[in-house]
1. Mean-square fluctuation check for chain C, GNM, Cα pairs under 10 Å: which of C:Thr286, C:Thr46, C:Thr112 is largest?
2. Using only DSSP helix segments of four residues or longer, with each worth -39500 (n - 2.57), what per-residue ellipticity at 222 nm results for chain B after dividing by its residue count and rounding to 500?
3. What residues have an amide H closer than 5 Å to that of C:Glu280, excluding those fewer than 5 places away on the same chain, when H is modeled at 1.01 Å from N in the peptide plane?
4. On the accessible surface of region B:10-79, probed at 1.4 Å, how many percent belong to carbon and sulfur atoms?
5. With all protein chains present, how much of the accessible area of region A:1-143 (probe radius 1.4 Å) comes from carbon and sulfur, to the nearest whole percent?
6. Could you compute how much accessible surface A:Phe97 exposes when probed at 1.4 Å, giving the result in Å² to the nearest 10?
7. Keeping every protein chain present and rolling a 1.4 Å probe, give me the accessible area per residue for the protein assembly as shown in Å².
8. Per residue of chain A, what 222 nm ellipticity follows from adding -39500 (n - 2.57) for every DSSP H run with n ≥ 4, rounded to the nearest 500?
Amino acid sequence: MIRRRPVLSLLTLVTLAFLLFPILVVVGVALSRGDVLRFPPDGVSLRWFGEALRYQPFTDSLGTSAIVAGAATVIALAVGVPATYALHRRSPRGRRFLLTVFLSPLIVPELVLGFALFQLFLVRAGFDALAALIIGHSVLLLPYAVRVTGASLERADPALEAAAAGLGAGPLRTFFGVTLPVIAPGVLSATILSLLTSFNNVPMSLLLTSRTVQTLPVAMLEYVQTSFTPMIAAVSTLLLLLTVAVAVLAERLVGFQQVFGRSAP
Amino acid sequence: MATAALLLPALALVLVGFAYPYLTMLVAPAADPHPDVVGKLLSAVTDPYVVDIVARTVRVAGLATVLSVALGFPVAWLISRAPGGWRGALLLAVTFPLLLSTVVRSFAWIVLLGRDGLVSAALQAVGLTDTPTQLLYTEFAMVVGLTQLFLPLLVLTAYSSLAGVDPTLEDAARGMGAGGAAVFARVVLPLALPGTAVGAILVFAGAVTAYTTPSLLGGTRNRTLATLLYQEANTSLDWSAVSALAIIMTLLVLVVTTVMSRISTIGSRA
Amino acid sequence: MTNVVELRGVSQDFGAGPVVADLDLAVGAGELLALLGPSGCGKSTTLRMIAGYLRPTEGRVFIRGRDATTVAPRRRNIGMVFQSYALFPHLSVAENVAFGLRMRKIGKPERTRRVGEALELVGLGELGDRRPGQLSGGQQQRVALARAVVIEPDVLLLDEPLSNLDARLRVQLRGELARVQRETGLTAVLVTHDQEEALAVSDRIVVLHEGRIAQQGTPAELFEHPRSRFVAQFLGYENVLELPGRGPVAIRPEHVRVEPADGAAAPVLGPVSFDGFVRELTYRGTHTTATVTVALPGGPVSLQGVMSGVSGVSGADGAAGPTLGPGHAARVVLSEPAIVSLLDEPRRPVLEENPV
């Protein structure tokens with residue numbers, strides 16, 4: 001292939017380098033021995049990994065991020081899957097409008113939504129930042145839950161549920177015994193996608209912080225803007241490894257194409 | 001179970017977590033006793049400082065979009081025509097960065113574009129400059145960072161659009177006597193354009209509203225709408241003014257994406 | 001005779017006019033009834049109303065003498081085979097077949113026994129552990145059938161079960177279907193658009209046209225005595241015409257002979273013959289059919305018949321005659337005993353042109 005299209009292949013190579021080289025830089029800097037941000041790094045050491053794992057704002061915010069991602073994913077799926085089911089199997093009135101409503105959080109800038117939640121829940125209503133984060137992330141994840149499981153439902157044969165009913169299964173039995181197992185790959189994809197999206201989210205989470213509550217990316221951002229040590233690169237590398245692990249898991253369970261082929265809006 | 005009962009929780013979430021906060025932001029942000037969002041909006045759009053920032057935001061986002069399309073479309077085309085094994089690997093390589101946080105992805109440029117960074121060193125080595133140059137905290141740095149951020153998105157949308165072009169159409173064109181370039185220009189390109197246009201719109205919308213990259217790579221001297229909004233939200237107590245900025249950002253995205261999609265549909269209908 | 005299923009005055013209107021109009025239908029115990037008709041005639045809709053997936057806008061549905069009109073499908077004792085088979089992909093073949101028994105809370109030992117028997121009945125005894133995705137189309141169809149019969153339903157409902165199979169499999173499996181129905185003695189309603197299928201397997205056929213019954217009867221009754229143009233043409237009577245003095249009639253191409261008109265001897269069988277010009281010829285392997293435009297008292301009509309004297313099909317005198325081509329003059333001879341009077345068609349004073 002490279003021989004047949006030399007120019008395009010070169011361009012692709014350059015583009016891939018452009019995309020992936022920075023990741024290499026991050027890993028390289030994480031392995032620095034010294035205090036200076038420099039690539040290639042001066043010396044190799046794992047010390048910054050140790051520092052990162054001991055740095056409290058990072059470890060605290062990691063916990064917060066995990067809680068928020070977990071809670072928001074559960075909420076988004078718990079409300080999203082039944083709604084998607086209703087949209088695809090019940091043909092309600094105003095179906096298209098409802099679909100737009102559920103996908104609407106995607107059109108609004110996340111920062112703006114973050115501010116809207118900030119001024120209402122934090123400033124005005126005095127909510128805990130954690131609660132506001134969970135609400136905000138749930139709203140953010142809902143479109144993913146609806147769209148990804150929707151695609152799965154659409155591909156499943158609607159006659160399956162009719163068959164189950166004809167054989168004597170009640171609505172709950174049909175849903176848990178037939179529908180859910182059939183859309184399980186879709187639900188799994190949506191779960192993984194949601195967890196990742198929530199975990200990595202920055203703009204929405206920026207304003208929804210307090211002295212004690214902060215998500216990891218926001219903590220990292222704060223650190224980068226004030227301190228210039230390789231510790232940030234170490235945290236990034238750890239996150240990178242975690243993400244790779246999740247991606248491999250997803251591939252094993254569901255198949256890569258299934259999860260990420262549909263993540264493009 | 002009643003259809004309404006199935007839909008209600010999701011509707012409630014959207015109402016409570018999205019519609020209602022938005023509404024209060026427009027009308028009475030943060031329980032401001034004397035909200036004046038419209039007034040602040042008007043003064044903001046006439047404020048040269050704000051206008052300047054909006055212009056920079058659009059400029060930087062526009063450039064990043066153009067670069068993304070210029071680089072991304074050819075790459076997407078190559079991937080779509082690549083043999084099976086290559087295709088999967090290339091797609092994986094391109095989309096992998098999408099899984100990472102924006103902080104991680106933009107951080108490297110801080111190292112690379114700094115005064116003593118690799119890029120500066122490379123420029124000196126090639127002879128384009130004599131002294132170490134600070135490329136960080138410039139619009140150039142923001143464009144580079146944003147392009148890197150959104151390029152995979154464009155490649156993905158362009159790829160699915162290109163892959164969706166029925167290959168038998170190309171065979172038909174070839175059968176009627178069209179050469180390779182003509183087939184591309186007259187069959188593939190027009191059919192793949194709408195999908196690619198959608199990708200470009202998404203890239204632009206994302207670049208206009210991005211926070212992390214402009215914040216890390218642009219610095220305080222090169223504010224975009226997003227960084228301005230964040231700063232004001234954190235420091236100012238004039239909630240109506242902050243709301244105004246938020247509205248400007250929302251409208252900016254809505255207007256531009258609507259205009260762009262109109263243009264692209266007109267083009268495809270022609 | 002006890003009717004297992006009865007529809008009285010059943011109509012279905014989705015808002016754009018009736019899809020099924022005032023239907024009265026009865027299915028006797030142990031009979032295989034075919035609902036036959038072109039797409040859109042209302043046959044699948046009727047089946048869904050028997051199953052309970054659709055509630056009739058008017059009329060009542062009775063199953064085993066009890067009014068089931070408002071009863072949900074899962075409370076009717078029906079066994080349905082869907083066009084797409086609708087096998088649960090996440091369950092094995094055996095688990096698929098056992099599903100209905102589980103819902104009826106049948107204990108494991110009996111369940112296993114009955115599933116085994118059902119699979120044996122359809123000839124898939126060895127495949128209980130496979131997943132549907134690992135089976136061929138024909139095998140999947142048989143699993144669907146086993147799943148429906150194992151619960152010993154009051155009525156077996158088959159919604160175009162063979163449509164997704166290729167022609168040869170279809171013929172093979174319809175025989176299987178008929179055999180299973182006979183061996184189990186189940187009452188069955190089969191929806192199909194394939195008249196050959198209906199003729200081959202059913203005890204009685206109901207032909208539907210635009211939501212109403214066009215004609216019903218045994219396969220032989222229907223095939224030998226169609227009563228309307230619609231039914232006749234649906235069953236392959238290509239030639240529908242108005243004979244002076246006899247009214248509307250139909251005759252199959254196989255019983256129409258086309259021969260050269262120039263200087264021909266008097267026709268041997270019966271006096272019903274017309275002269276005209278050949279429009280086109282179609283080679284069919286065993287014979288060639290010719291479409292001939294003839295002049296009838298009311299206007300020109302196209303008739304289709306078998307060409308004699310060509311391709312080895314010889315005329316009555318055994319000699320091969322001169323070949324005919326488009327534009328040639330020809331004589332069309334209708335075999336008198338094969339002419340069927342369409343009793344339901346109104347006699348018209350003016351003839352219509354046959355659609356070609």
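The values are calculated or read from the model by the stated rules, or taken from the named source; none is laboratory data. Remember, it's a predicted structure, so these values are computed and weren't measured experimentally. Glycine gets a Cβ as well: all are built from the backbone with ideal geometry, and neighbour counts include every protein chain shown. Ligands, DNA and RNA are stripped out before the accessible areas are found, and what is left, the full protein with its side chains, is counted by its heavy atoms. Shrake-Rupley method; radii C 1.70, N 1.55, O 1.52, S 1.80 Å.
1. Sorting by GNM fluctuation, first place goes to C:Thr286.
2. -24500 deg cm²/dmol
3. When sequence neighbours closer than 5 places are left aside, the close amide H contacts are C:Thr291.
4. Roughly 79 percent of what the probe reaches on region B:10-79 is carbon or sulfur.
5. On the way: 4350 of 6590 Å².
Carbon and sulfur together cover 66 percent of it.
6. Accessible area, nearest 10 Å²: 140 Å².
7. Ligands and nucleic acids excluded, the figure is 44 Å² per residue.
8. Mean residue ellipticity at 222 nm (helix-derived): -23000 deg cm²/dmol.
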